[in-house]
Structures are given as structure tokens and as C-alpha cells.
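Notes follow the structure.
Please treat every number below as a calculation from the coordinates, not as lab data. Values in this document were obtained by computation on a predicted structure and should not be read as measured data. Using ideal geometry, Cβ is built from the backbone for each residue, glycine included, and neighbour counts are taken over all protein chains shown.
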Amino acid sequence: MNKKQYMMMAAFLCATTTSMAAPVNVTAEQSYDSKILQSEGHAPLETSASVVSSDKVYRLRQGDELSIQVVQQADLGTRNGNDIMYTVRPDGYVSFPMVGSVKADGLTVDEFTAQLQQGLSRYIINPDITVNVTKLGGVRVYVFGEINKPGALYID
């Protein structure tokens, strides 16, 4: 790349990063939500279900790896003594034995656990389930320009 192309790329990156960081005035009485953003003329930024909300609780997203243990049926969460890792698929669901596909994308760990308990309650009386996030899903970024491999990249 020549000097002109570097300058164009730098100008593009500066323009896109500054336009994404819109200033928002938040006071103690106000909560940081889409209504305030819309009233100030900014559109809410929705990129994924795991966007941090005002309650600051982590929400599951695609690519997260989960460890799921059922006290009454230990073999559901382990295979040959090793924990089974369940991954949130790109469609936002997790496949779990006896329950099938359960929506996980956008739910908190407690909400997801409640859905699993509801599904397993047909087979197990008062199922005791523990769900832990063992690995966070990566972030997808798009790289374009005069490079060897333009396109989507995942960053862990």
C-alpha cells in the first residue's frame, strides 16, 4: 500500500470510530437506556443480545461455552469423568439431552437455568441444575481494504 492508501484507511477508521461513540449525558436520576438515546437524537446501538444493559448482568451469546451439571443425573454433564462443554450455537440455542434445543442467546445464566429446569422437570422431580460460563464467545469484526484476507474474523 502506498502513502495515499494509508492516509485514506486512517481517515476512514477515525471517521467510523468517532461516529460510533456518540456522546450521551447521563445523570444520577436517569438510566442509560434507548429512550434517553432516542430523545437526544441517537439511535440505540444493538449489536448482540449480550449488550450490557443497565442491570449489568451478563447475557449469554453465540459462541459461549457452558458447563451444565444436573445433581440428580451426573451423567448428563460428564462423559468419562470429564465435563461436557455445551456451546451456544450461531442460532442462539443449546442442545441438551432430554430437553432438546433451548434458547440461550440474550438470556442471563439464571434465566437459562430456569428454562433447563422446566424442560427437565418432565423427567426429574425438582432438578438441581448448575450452569457456569466456562468460555466467553468471541467478537466478530470485519476487516476490509487492501489486505490478504478481507472479511469476518473472530477474536477470542
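In a DSSP loop and with at most 16 other Cβ atoms within 10 Å, the chymotrypsin sites (Phe, Trp or Tyr not before Pro) in segment 55-106 are TYR58.
With Rh defined as the Kirkwood radius, the inverse of the mean 1/r over Cα pairs, the Rg/Rh of segment 63-156 is 1.12. Using θ = phi - 60° in the Karplus curve 6.51 cos²θ - 1.76 cosθ + 1.60, the 3J(HN,Hα) couplings for segment 143-153 round to 10, 9, x, 8, 10, 5, 10, x, x, 7, 10 Hz; x is entered for Gly and Pro. Extension gain for ALA152 to ASP110 (0.36 nm times residue separation, less C-alpha to C-alpha distance): 12.0 nm.
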